[in-house]
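The values are calculated or read from the model by the stated rules, or taken from the named source; none is laboratory data. Model, not experiment: these values are computed from the prediction. Note that each Cβ is placed from the backbone with ideal geometry, even for glycine, and that neighbours are counted across all protein chains shown. The area values use the complete protein model at the heavy-atom level, side chains included, leaving out ligands, DNA and RNA. Shrake-Rupley method; radii C 1.70, N 1.55, O 1.52, S 1.80 Å.
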Amino acid sequence: AQTVTQSQPEMSVQEAETVTLSCTYDTSESDYYLFWYKQPPSRQMILVIRQEAYKQQNATENRFSVNFQKAAKSFSLKISDSQLGDAAMYFCASIQGGSEKLVFGKGTKLTVNP
Amino acid sequence: NAGVTQTPKFRILKIGQSMTLQCTQDMNHNYMYWYRQDPGMGLKLIYYSVGAGITDKGEVPNGYNVSRSTTEDFPLRLELAAPSQTSVYFCASSFRTELYGYTFGSGTRLTVV
């Protein structure tokens with residue numbers, strides 16, 4: 001069974017600085033995909049970034065990028081030039097190829113200080 | 001495009017009452033899901049459906065029931081509400097989850113007192 005672990009319940013960053021949120025996962029499959037979701041205080045779940053396991057290149061979406069270390073089963077999210085609007089819960093999730101069910105970590109609450 | 005619509009947004013139930021959380025999507029997605037979110041626990045899958053007429057249990061199905069009579073609708077039924085069911089409930093749908101992830105509804109905050 002897949003598991004996703006986020007070891008940092010809370011993190012904080014100064015506005016304009018860079019922060020990295022950690023995520024590790026465990027799967028016996030070689031075909032899988034990884035996601036980061038953002039949940040602001042509005043409660044809406046927003047897809048931030050996605051990574052295919054077979055791609056060595058790290059995914060990037062504007063100020064958001066990932067550090068995908070396949071051998072270590074690590075999938076951290078880096079937020080550059082942090083903005084107040086980045087304050088939210090961030091969830092890491094994984095899915096095995098052929099499945100349609102995401103497995104989520106417990107989340108990291110990010111605070112951005114002005 | 002409405003996406004995934006959940007109703008109600010908030011509800012308070014008394015112990016032993018029943019209710020149905022409604023979920024509708026207009027994207028013609030085959031796959032639909034119900035998750036519950038508890039503080040510090042992430043999202044746990046309650047039930048899911050791979051198409052009309054087909055449902056299956058997730059990780060935490062006890063105390064809940066679902067039906068999927070149409071592609072659009074996936075209601076979640078709580079029978080005999082208990083305080084342990086106090087949570088935020090999310091409905092989601094997907095087309096190809098590995099490519100696009102889920103589209104989520106805005107959630108229902110349920111309190112059982």
Residue count, segment B:1-25, condition in a loop (DSSP other than H, G, I, E, B) and within 12 Å of B:Ser93 (Cβ to Cβ), comes to 2
Flagged in segment A:1-19 as closer than 25 Å to B:Phe104 by Cα and open to solvent by 60 Å² or more (accessible area, probe 1.4 Å), in numbering order, are A:Ala1, A:Thr3, A:Thr5, A:Ser7, A:Pro9, A:Glu10
Conditions (1) in contact (Cβ under 8 Å) with a residue 40 or more places away in the chain; (2) hydrophobic (A, V, I, L, M, F, W, C); (3) more than 12 Å from every other protein chain (Cβ to nearest Cβ); (4) touching a Leu at 6+ places or on another chain (Cβ under 8 Å) -> B:Val66 fails only (1)
Look at A:Thr27 and say whether it is at pLDDT below 95 and touching a Lys or Arg at 6+ places or on another chain (Cβ under 9 Å).
yes
If we ask which residues in segment A:65-91 are open to solvent by 30 Å² or more (accessible area, probe 1.4 Å) and in contact (Cβ under 8 Å) with a residue 60 or more places away in the chain, their number turns out to be 5
Condition met for A:Ser99 (away from every other protein chain (no Cβ under 14 Å), among the polar types (S, T, N, Q) and open to solvent by less than 50 Å² (accessible area, probe 1.4 Å)): no
Has segment B:74-87 got at least one residue that is surrounded by 16 or more Cβ atoms within 10 Å (Cβ to Cβ), more than 10 Å from every other protein chain (Cβ to nearest Cβ), under 18 Å from A:Pro40 (Cα atoms) and of a type outside the set (D, E, K, R)?
yes
Of (1) farther than 24 Å from B:Leu99 by Cβ; (2) part of a loop (DSSP other than H, G, I, E, B); (3) in contact (Cβ under 8 Å) with a residue 24 or more places away in the chain, A:Gly98 satisfies every one except (1)
When (1) over 13 Å from the mean Cα position of the chain (by Cα); (2) within 13 Å of chain A (Cβ to nearest Cβ); (3) assigned to a strand (DSSP E or B) are applied to B:Thr111, the one that fails is (2)
- Before we move on, is A:Ser94 within 12 Å of the chain's Cα centre (by Cα) and either open to solvent by less than 60 Å² (accessible area, probe 1.4 Å) or not charged (D, E, K, R) (or both)? yes
Log entry, pairs with first residue in segment B:29-46 being within 10 Å of chain A (Cβ to nearest Cβ) and in contact (Cβ under 8 Å) with a residue 12 or more places away in the chain, second being open to solvent by 50 Å² or more (accessible area, probe 1.4 Å) and acidic (Asp, Glu), beta carbons closer than 7 Å, six or more apart or on different chains, reads B:Lys44/B:Glu59; B:Leu45/B:Glu59
B:Pro61 passes all but one of the listed conditions (1) outside any strand (DSSP E or B); (2) exposed (fewer than 14 other Cβ atoms within 10 Å of the Cβ); the exception is number (2)
### Message
So for segment A:42-64 (the condition being charged (D, E, K, R), open to solvent by less than 30 Å² (accessible area, probe 1.4 Å) and in contact (Cβ under 8 Å) with a residue 24 or more places away in the chain), does at least one residue qualify?
### Response
no
Scanning segment A:21-39 for residues that are surrounded by 15 or more Cβ atoms within 10 Å (Cβ to Cβ) and more than 14 Å from A:Leu102 (Cα to Cα) gives A:Leu21, A:Ser22, A:Cys23, A:Thr24, A:Lys38, A:Gln39
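Each row is one residue, and each column tells you yes or no for (1) touching a Ser or Thr at 6+ places or on another chain (Cβ under 9 Å); (2) within 12 Å of chain B (Cβ to nearest Cβ).
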site	(1), (2)
A:Val4	yes, yes
A:Gln57	no, no
A:Ser74	yes, no
A:Ser94	yes, yes
A:Gly107	no, yes
A:Asn113	yes, no
